[in-house]
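Contents: one structure, followed by commentary.
Readers should treat all values here as calculations from the given coordinates under stated rules, not as data from a laboratory. Quick caveat, the model's predicted, so the values are computed rather than measured. Quick reminder, even Gly has a Cβ in these numbers, built from the backbone with ideal geometry, and neighbours come from all protein chains shown.
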Amino acid sequence: MKNIAVIGAGTMGNGIAHVFAQNGFKVHLIDISSESLEKGIATITKNLDRMLAKEKISEADKTATIANIKTFTALNEGVKNMDLVVEAATENLDLKLKIFKNLDDVCDADTILATNTSSISITHIASVTKRADKVIGMHFMNPVPIMKLVEIIRGYNTSDAVTKTIMELSQQLGKTPTEVKDYPGFVANRILMPMINEAIETLYNGVAGVEEIDTVMKLGMAHPMGPLQLADFIGLDVCLSILNVMHDGFKNPKYAPCPLLVNMVMAGKLGVKSGQGFYTY
């Protein structure tokens, strides 16, 4: 397995492309926007420069990593002759179903299709393909070049062979793959998002302010980042989407998003990416 296509040049997509390319894989980075592709390559270059300054890589490593990445705006062209396609598009079910139906039509029969979804059912995504045994979840953590965990999510029909291949591939990237079952939120977000939501509820109920809540969790619970600041970095719209997926999937009111979160997203206060969330950036 040497040829990898990554769909989406945003934060997660360019990070995934970076990690594969740095480990010697030939990567096709695909996005419908040429501007997004340019920004993605600029981000990868900036991150490599940071690693170079810290003497974690050499100049030759940087050059080789960039050389391993080619960009495409046409999906059909970008996924030709790929061993693995990793979808890292927006966390939207309809969009992902459309992408996977298209991938199933244009990819080679033995190409494995993975999604970086943080909460959407792998089984549902696989259902629009004729290769459900070759569809799997690879949930990377942000920032991808630094974070070691990859949640490997098996759909209902994902084969043992494909799961083994993706587990081993993740280890080749220097990651620690952890296999989980296909239920809403998987493990990471099933635990993380209710905590973030409860922090927002605590703010909403006037128990404490933003900095006070984050300080308690950082100093009292040894979290490197408070839950409200973390929500800003994840994106409040992404947090809301994940909570809605879990609320719809489990029909349990404990996953219902806080009204404050809903209002902030409607008002365009999405966190770091919009410049304003619980903090100002």
Cβ density ranking, 10 Å radius, fewest first, applied to MET193, MET167, MET1, MET221 yields MET221, MET1, MET167, MET193
Which of the pairs LYS70/LYS273; LYS26/LYS101; LYS62/LYS181 have their Cα atoms more than 32 Å apart in this structure? LYS62/LYS181
Out of ALA64, THR215, ALA126 - ranked by how far each Cα lies towards the positive end of the dipole of the chain, with unit charges on the beta-carbon of charged residues - the top one is ALA64
Computed E for ASP61/ASN81 - FRET, C-beta separation, R0 30 angstrom, nearest 0.05: 0.70
Could you name the aspartates and glutamates whose alpha carbon sits less than 17 Å from that of LYS175, not counting residues in the same chain fewer than 8 places away? GLU151
Straight distance only, please: which aspartates and glutamates reach the Cα of LYS130 with their own Cα at less than 20 Å, same-chain residues fewer than 8 apart left out? ASP83, GLU87, ASP94, ASP104, ASP105, ASP108, ASP110, ASP160, ASP182
Which of HIS124, HIS139 has the fewest other C-beta atoms within 10 Å, and how do the rest follow up to the most? HIS124, HIS139
Simple spin-label model, 7 Å along Cα-to-Cβ: LYS98 to MET195 in nm? 3.5 nm
If neighbour count is taken as other Cβ atoms inside 10 Å, put CYS239, CYS258 in order from fewest to most. CYS258, CYS239
Kyte-Doolittle at least 0.0, axis length at least 15 Å by Cα - qualifying DSSP helices, the chain: 11-22, 93-106, 188-204, 236-250
Straight-distance crosslink candidates among lysines, where the alpha carbon sits under 26 Å from LYS269 and sequence neighbours closer than 8 are dropped: LYS39, LYS96, LYS218, LYS254
